[in-house]
1. Please list 3J(HN,Hα) in residue order for region B:35-47, calculated via the Karplus relation 6.51 cos²θ - 1.76 cosθ + 1.60 where θ = phi - 60°; whole Hz, with x for glycine and proline.
2. Please list, in chain and number order, the residues 5+ apart from A:Ala241 or on another chain whose amide H is under 5 Å from its amide H, with Hs placed from the backbone.
3. Check the straight Cα-Cα distances from B:Lys108 and name the aspartates and glutamates below 14 Å, setting aside those fewer than 8 residues away within the same chain.
4. In whole Å, how far is the Cα centre of region A:30-55 from that of region B:254-300?
5. With charges set only on the Cβ (+1 for Lys and Arg, -1 for Asp and Glu), what does the dipole of region B:192-383 come to about its Cα centre, in debye to the nearest 20?
6. Show which aspartates and glutamates lie in cross-link reach of A:Lys203 when reach means a straight Cα distance below 14 angstrom and same-chain residues fewer than eight apart are skipped.
7. Using Cα positions and a limit of under 19 Å, work out the aspartates and glutamates in reach of B:Lys37, with same-chain residues fewer than 8 apart set aside.
8. Mind giving me the FRET efficiency for B:Glu361 and A:Glu307? R0 is 60 Å, r the Cβ-Cβ distance, nearest 0.05 is fine.
Amino acid sequence: MKKISYSIIALAVLTLCAMAGFTKKDSPETQTKAIVAAANVFLNTLSAEQRKAVQFEFLRPKTASGTQFNMGNMKRGPGGPPNGRPPGNGDTSRRPPNGGQRPGGNNGGSGGPPSSGEQYGKAIWSNFPVNITPRPGIEMGSLNAKQCAAAMQLVQLLLSAKGFEKVQQIMGSDEALRIAGTDVTAGSDHYLIGIFGTPDLSKPWMVEFGGHHLGLNVVIAGKEGSLTPTLTGAQPAVYTANGKTIRVLAQENDKAFDLLNALDEAQKKKAILNYHIGDLVLGPGHDGQTIVPEGIKGSGMTAKQKEMLLSLITEWSGIINNAYHDAHLADIKAGLNQTYFAWSGPLTHAAGRNGTAYYRIQGPKVIIEFAPQATMGDTDNHIHTIYRDPSNEYGSSYVTQ
Amino acid sequence: MKKFVLVFFCLLLSATVFAHRLNEYLQATTISLNSDKVFLELRLTPGTDVAERIIKSIDLNGDSRFSDGEKRAYLNQLNRDVSLAMDGHTVSLKLVASTFSNIENLKKGIGDIIINYEVNITTPGFAHKLIFKNQHYSSIAVYMVNTLLPADTTIQVNSQTRSNDQSRYQLDFTIGSQPFTSTMVALNDGDNWAAVKTYFVHGIKHILTGYDHLLFLCALVLGAASLWDLIKVVTAFTIAHSITLTLATFGLAHLPEQVVEPMIAASIVFVALQNIRWPKQSNGNARLAVAFFFGLFHGLGFAGGLLELMHAMPVTLIWFAILGFSLGVEAGNQLVLLPLYGLIRLLKHKTNKMGTTVWTEIPRYISGVVAIAGVYYFFIAISS
C-alpha cells in the first residue's frame with residue numbers, strides 16, 4: 001500500500017516537474033535564451049566574410065522610409081527637395097526632430113524614394129524579387145548544408161510551428177515560380193537572413209528574413225518579441241509539391257470569407273465598401289501611417305463574430321513564436337471593439353482557390369491588408385498582404401537598456 | 001500545330017514573366033489635414049507594360065533623361081488632370097515637391113513619381129467638404145485615395161465617399177475644438193447648406209409628429225374663409241414662431257416647459273372654441289392676432305427640440321440650422337394644411353350644390369372635437 005502511495009506521489013511530482021518544464025520551455029525568457037544561442041550557433045558556422053554580410057548595426061530611426069537602392073542618379077524635380085520620408089500622421093514620437101514636420105504636428109505630404117521596399121536603418125524588405133529590390137544579408141543558396149540548417153533553426157525558433165509552415169509554403173511557392181520559368185530571381189535559394197545588432201538576452205536586436213513575397217522583421221528584446229511589419233504573399237498561390245497541392249495563405253482567405261458570411265445584411269452593408277481597391281494601401285514605404293478606418297467596427301459585432309475576427313488576425317500575429325504572441329494577442333483582443341473590418345470585391349471564391357477580394361483589418365494594435373494582385377487577368381493566384389502594429393513597428397516600444 | 005505549341009509556350013512564359021503590376025498605372029493619393037491646410041501626396045507607379053508610354057510622355061526629346069523642363073511639362077499635364085474643390089470652390093493645388101525615379105527603375109516597375117501639393121483652407125466655418133478628382137491616364141489607371149487619421153484631435157473626419165474606381169473622392173470633415181457629437185451625426189454632409197438640409201428634415205418631422213401643432217393648424221384651417229385668408233394666418237403664425245425660436249436658440253428668451261406646453265394646448269382649445277362660438281372672428285385681423293400670439297408659444301416649443309439637437313454648435317452654423325428648421329416647419333405646415341384646405345373646399349362645394357346648409361355646421365362639430373383634444377392635451381401638459 002505504501003509502495004502505491006509513494007508511486008502516486010512520485011508520479012504527481014514528475015507530472016508537476018514536466019508541467020513546470022513545459023511552461024519554462026514556453027516562457028519568453030527561455031525562448032529568447034534559445035534564440036540567442038541559435039543565432040550564435042549560426043554566426044559561428046560562418047566565415048569572417050560571411051559574418052560581415054549577415055551582421056549589421058541595429059540602427060533605430062524613428063520611422064522607416066522607402067528603399068534607397070539605385071537612387072544615385074535620381075534627381076529632385078521642381079518644387080524643392082523632399083525630405084525623403086513618407087507622409088505620416090504627425091506622431092512626433094516616431095519622427096526625427098526635423099523630420100519634415102508640418103505646422104500642426106502633421107508631417108503632411110512629402111516625397112520619398114520609390115516604395116518598392118521599406119528601409120529601416122540598414123534593414124530592407126519588399127514584395128519584389130531580390131534582383132529588383134536587393135536586401136541586406138546572406139542568401140540561403142550561398143550557405144553550405146550546416147550553415148543553412150543553422151539559419152533555418154534560428155528562423156524556426158523565432159516563429160510558431162504554424163508560422164514556420166507558412167514561411168515554408170511561401171518559399172515553396174517561389175520555388176514553383178522558378179521551376180515554371182521566370183525572368184526574375186526566384187526560388188527558395190534566394191531568401192536572405194540578416195541580423196541587426198548583437199544577439200542579446202535583454203537588449204533589442206532584430207532578425208530579418210525574407211525574399212520575394214516575404215519580409216519578416218522579428219525584434220527580440222528580453223521577454224518581448226515583435227513581428228511587425230511583416231509582408232506575406234504568394235505567386236502562384238496554389239502549387240503542387242511532392243504530389244501535394246498547397247494553397248498558400250489559405251486560412252487568411254477562408255477565415256475572412258467565414259467572417260464575412262457570418263455578418264447579417266445590415267453588418268455587411270457597413271463592412272462592404274462600394275469601391276474597388278487595387279493594391280495594398282499601407283505596403284512597403286508606408287511606415288508610421290494610419291488611415292481613417294472604414295468598414296464595420298468590432299463593437300458592432302457579436303461575440304462569436306469578434307472571436308472569428310480575432311482568429312483571422314492570429315493568422316498574422318501568430319506567425320511569431322507563441323512565447324511572444326500571447327502578450328500581443330491580449331493587446332489586440334483588448335482593442336477589438338475599436339477594430340474595423342472592411343471588404344472590397346467579390347463575396348465568393350472558387351473552391352480550392354483564394355478569392356479576389358481585398359480586405360483590411362484596422363485597430364489600435366493591428367493593421368492587416370489582404371490584397372489580391374491582378375496579373376495578366378489571373379487575379380486569384382497572386383496575393384500580397386501586410387501586417388503592421390501602429391504602436392510597435394520594428395519593436396519601437398522596446399527601450400534599449 | 002507547331003504554331004499552336006509556340007503560342008501556348010509564349011503564353012505560359014508571359015504568365016510567369018515578372019508578375020507584378022504590368023499594364024496599369026497605380027496612382028495612390030494620400031491626404032493629410034491640419035487646421036488650416038490640406039496636404040496631398042500623389043504616388044504614381046507605372047506598371048512595366050505601360051512604363052515606356054509614361055516615360056515617353058515625360059522624356060519628350062527621347063534623350064533617356066528627364067530634364068527640369070520636361071518634368072515641369074508633365075506636372076502641368078498632371079495639374080490639368082486632377083482637381084480639388086474645397087467647400088464648393090475649385091482651388092489651385094500648390095506644388096510643394098516632386099520626385100521622379102530614374103528611367104531604369106520606372107522601366108522595372110519599381111520607380112515612382114511622387115508629387116506633393118498643399119492647399120490652404122480659407123473658407124470659414126467648422127464643417128468642410130473636399131472633393132478630389134483624378135482623370136490622369138484614366139484608361140490605364142488604378143486610383144487609390146486615402147486620408148490619414150489627423151494628428152490634431154480637433155479635426156474630425158465625418159465621411160468619405162468614393163466612385164467605384166476612386167477617380168472621385170469626397171471627404172467631409174470638421175475643424176473645431178468642441179466635440180459636439182450629437183450634431184456631428186446629423187451633419188454628415190458637412191457644410192452650412194448641409195446644416196440647412198439636415199434641420200429642414202428635422203423641422204418637417206417635428207411638425208408631422210407633433211399632434212399639438214397639427215391640431216392647432218387644423219383649427220386655423222377650419223376658420224379660414226378663403227385661401228388668401230389661410231395664407232395670411234399661417235404666415236403670421238410662422239413669423240411669430242420664428243421670432244421666439246431664434247430668441248430661445250440664442251438664449252434670449254426662455255419660458256419653462258410647464259408654461260409653454262399648457263399654453264400650446266390652450267391655443268388649440270381657444271381657436272377651436274372661437275370657430276364654434278364666434279365664427280365671425282375666426283378669420284380676418286382678429287384671427288391674425290390670435291395666430292401670432294399663440295405662434296410665439298409654439299416657437300418656444302419648437303426651440304426645445306432644436307436646442308437638444310444643436311448642443312454646442314458654433315454660432316455661424318446656428319443661423320443655418322434655424323433657417324433650415326423654420327423652412328422645415330413651414331413645409332410641414334403646408335403638407336398638412338393644403339390637402340386639408342382642399343378637402344374642406346371640396347365638401348363646401350358639394351354641399352352648396354346640394355342646396356343644403358349642412359356645411360355651415362360641420363366645421364363647428366370638427367372644431368368641437370379639436371377643442372376636446374386640446375383640453376385633453378392641456379391636462380396632460382399640466383400633469384406632466
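FYI, it's all coordinate maths here, none of it is from the lab. Quick caveat: nothing in here was measured; it's all calculated off a predicted structure. Note that we place each Cβ from the backbone using ideal geometry, even for glycine, and neighbour counts take in every protein chain shown.
1. Once θ is set to phi - 60°, the couplings for region B:35-47 become 5, 10, 9, 10, 10, 10, 10, 9, 10, 9, 10, x, x Hz.
2. The list, which skips near neighbours in sequence, is A:Ile246.
3. Within the straight-line cut-off, B:Lys108 pairs with A:Asp183, B:Glu24, B:Asp49, B:Glu52.
4. Value for the Cα centre distance between the two parts: 91 Å.
5. Approximately 760 debye in magnitude.
6. A:Glu29, A:Glu57, A:Glu224
7. A:Asp91, B:Asp87, B:Glu118, B:Asp152, B:Asp172, B:Asp191
8. Given R0 = 60 Å and the Cβ-Cβ separation, E is 0.25.
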